[in-house]
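Chemist: One structure follows; several queries about it will come next.
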Amino acid sequence: MLDIQRAAPNRPGLRGLALVCAAAVLAGCSALPAPPVRAVQYDFGPGAMATAPSDRRAPLPPLALADVEATGMPESSTAVLYRLAYADAQQPRPYAQARWSQPPATLVQQRIREHLGLRRAILNTSDAAVQARVANKRPTVLRMELEEFSQVFTSASDSAALLRLRATVAEPTGLGENLVGQRVFIVQRPAATADAAGGTRALADAANQVARELDEWLEQVVVR
């Protein structure tokens with residue numbers, strides 16, 4: 001009688017079929033999709049980490065701060081944008097694996113509020129408290145538009161953060177608002193590295209600088 005168990009391994013057809021099946025299994029395993037790479041999130045850092053020393057100067061009058069509008073960027077986008085000035089400066093490009101933790105307009109507003117709040121009360125224009133009168137008048141209103149917030153490359157290895165912010169100050173009246181002043185702030189800060197990490201650090205520095213410049217300007221235009 002034929003011994004099937006001994007004869008089967010010696011049959012070249014079955015052996016070849018087994019090799020083909022094994023190769024197919026291995027090929028199927030290698031074809032499995034790789035897990036998606038999660039984009040790195042950036043913000044402006046923790047901000048102040050200790051209480052600022054008391055300022056003996058008289059506090060400044062309260063200010064009503066409207067939400068920053070991102071007129072130069074897609075609404076609610078958290079993309080980290082860059083431009084290649086040496087190739088096509090008119091095309092903003094997003095980094096594929098980098099994101100802001102919140103829309104840039106929100107981050108800029110938080111940093112400005114933090115800085116301006118060192119010497120004055122900062123109110124939201126939507127707060128009922130804005131309707132309260134301070135020294136027989138409603139608080140001055142500050143409105144801002146973020147027109148540009150990107151990393152601009154002048155070459156493949158050199159880049160700088162570019163922040164352009166339009167600020168408008170108005171005094172509320174019974175009939176609406178009276179324009180007090182308007183100014184465009186343009187800040188550039190060099191990026192230490194030609195990548196998203198260097199660009200986001202430089203943009204955070206630019207936001208800090210524009211907050212300081214805005215504070216100095218407000219002291220000149222807002223009546224005490």
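Chemist: At 0.36 nm per residue, and after removing the present C-alpha to C-alpha distance, how many nm does the segment from Gln97 to Glu69 gain when stretched out fully?
Modeler: Extra length available between Gln97 and Glu69 comes to 7.6 nm.
Chemist: Across all directions of projection, what mean area in square nanometres is found for the Cα convex hull of segment 82-224?
Modeler: Its average projected convex-hull area is 9.9 nm².
Chemist: Would you please give the FRET efficiency between Tyr86 and Gln209, computed as 1/(1 + (r/R0)^6) with r the Cβ-Cβ distance and R0 = 30 Å, to the nearest 0.05?
Modeler: Using R0 = 30 Å, I get an efficiency of 0.75.
Chemist: While we're here: Could you tell me the accessible area of Tyr86 in Å² (1.4 Å probe, neighbours in place), rounded to the nearest ten?
Modeler: 120
Chemist: Here is a further query. Note down the accessible area of Ile112, probe 1.4 Å, to the nearest 10 Å².
Modeler: Looks like 0 Å² after rounding.
Chemist: Is the shape of segment 175-224 rounded, prolate or oblate, going by the alpha carbon gyration tensor and its root eigenvalues a ≥ b ≥ c, with a/c under 1.5 for rounded and a/b larger than b/c for prolate?
Modeler: Prolate is the answer for segment 175-224, as a/c is 1.5 or above and a/b outweighs b/c.
Chemist: Continuing with this model, one more query. If I take every Cα pair under 8 Å that is 6 or more residues apart in segment 44-116, average their sequence separation and divide by the length, what percent do I get for the relative contact order?
Modeler: 32
Chemist: Could you tally the net charge around Glu147, taking each other residue with its Cβ under 11 Å from the Cβ of Glu147, Lys/Arg +1 and Asp/Glu -1?
Modeler: After counting each charged neighbour, the total is -1.
The values are calculated or read from the model by the stated rules, or taken from the named source; none is laboratory data. Predicted model only: the values in this text are computed from it and were never measured. Because the Cβ atoms are built from the backbone with ideal geometry, glycine has one as well, and the counts that use them run over all protein chains shown. What goes into the accessible areas is simple: the full protein's heavy atoms, side chains included, and nothing from ligands, DNA or RNA. Shrake-Rupley method; radii C 1.70, N 1.55, O 1.52, S 1.80 Å.
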